[in-house]
1. Please give me, ordered by residue number, the trypsin sites (Lys or Arg not before Pro) of the range 222-288 that lie in loop per DSSP and have at most 13 other Cβ atoms within 10 Å.
2. What's the FRET efficiency of VAL155 with ALA175 using the Cβ-Cβ distance as r and R₀ = 25 Å, to the nearest 0.05?
3. Let's see if you can work this out: charge +1 on each Lys and Arg Cβ, -1 on each Asp and Glu Cβ, no other charges. What is the dipole magnitude of the range 95-196 about its Cα centre, in debye to the nearest 20?
4. Apply the Debye scattering formula to the range 136-292, with a single equal point scatterer on each alpha-carbon and no solvent, then give log10 I(q)/I(0) at q = 0.10, 0.19, 0.21 Å⁻¹.
5. For the range 239-381, take every pair of Cα atoms, bin their distances at 5 Å starting from 0, and report each bin as a whole percent.
6. Between THR108 and ASP324, what length in nm is gained on full extension when 0.36 nm per residue of separation is reduced by their alpha carbon distance?
7. So, in Å, what gap is there between the alpha-carbon centers of the range 97-155 and the range 306-333?
8. Sequence-distant or interchain residues sharing an amide H contact under 5 Å with GLU303, placed H: which?
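Every number in this text was worked out from the coordinates using simple rules, so none of it is lab data. What you are looking at is a predicted structure, and each value in this text was computed from that prediction instead of being measured. Every residue, glycine as well, gets a Cβ built from its backbone with ideal geometry; the counts of neighbours run over all protein chains shown.
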Amino acid sequence: MTIINETIFYDKPGSCGTCPFFYNGSTHLRPGEVKGHCRMFDEMHKSYINPPKRCQKIFNKAFRMPDGQFYELELMISILERDDMVEAILWYLGALFLLFLICTSIGTRLILQSVFRPLHRLLNWLQQIQPGKELPVLDNPTKIREFQQLGDAAVDMGNRSYKAYEEQKQFIENASHELQTPLAIVRGKIELLAENESMTEEQLKELDEIYTTLGRAVRLNKSLLLLSRIENGQYTETEDVSVDEVLDELLPDLMDIYEGKKIHLVRTKETEPFVIRCNLSLAQILVSNLVKNSLVHNREGGELHIATTPSSLTIMNSGEHPLDGEKLFRRFYRSIDGKKDSTGLGLAIARSIALSASLSLTYKWQEGMHLFLLVKESQKKS
């Protein structure tokens, strides 16, 4: 069917598709002749007679029919519909682009996680390595050659580090053990020499300084030997030790030794004692080192607070300034106000004993006081 001006022509005889009227192919009908009889015609007629304002002509052609009459054919489309279609296409394209970005981001993240998973496993394995302990098993299968080489290199480095650490511990133990006898002999010779009546006062003064220095060397040697034996796990006999009982035995003697500093002791405890699983001798050394450190590095007239609970020991002493908590437990570390006769191994030994007994020993500065906290590892994790 074709609209030519106000005339409707059908391509072939038959129905218009929506009504039962049949027309001859050579017949042309005016709109008024079928108006009201065909719904399709009414709508087409209305659109043609009153076209929308927002229309665009896309085709115009004049031609003559076989009967000799001239007609003009115009095809028009609605600009409004075209704008709506363009807007809809833009919205669809925007939605598709956004969906593409989301899918690309998720896909990239999943791919990167899969690729770098071996690296994350290797980092977790490295964080589990502890000095003096055997390397944990590295289970890190990967098809990426670079990650395989990195894992092999890390394991090799860890094994060499562990071997070197073990050799160093063994050397320290052997050297300390071998030095015990010569140091004891030298010390005995100095004591005999000091009893010689022919020694002058000046010579006795020099001899006393030598004896003092030698005493420090003996203490240092004993501390190194003790530390090496602790790390080598030679103290295998363990028992349940009450830290409260150890404190009750040590505190009177230690307070008498440092009586001249006039330190005020505050002791608090609960009904249930703090019990640890440790070698008795090591437990005594651990508590003694912590208390002596708080007395030696306390100011005159300062305070010493010692508190125990069923799961912890807290020791606080007066101080002038905070200390470096990372370096404090290192071997031979001395603070600014460190004593000359100190070996610098007291806290290192205390930390080593704590680790061997599954205890955590930490330091922090709190309200103008040094605080040392000894707690069970199980309680710390919980």
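1. LYS262
2. That pair, VAL155 with ALA175, gives E of 0.25.
3. Numbers: 11 positive and 11 negative charges, 129 e Å.
It works out to roughly 620 debye.
4. For the requested q values the scattering log ratios are -0.70, -1.18, -1.25.
5. 2, 10, 20, 25, 22, 15, 6, 1, 0
6. Fully extending the segment from THR108 to ASP324 adds 73.4 nm.
7. Here the two parts' Cα centres lie 38 Å apart.
8. Here HIS264, SER318 satisfy the definition.
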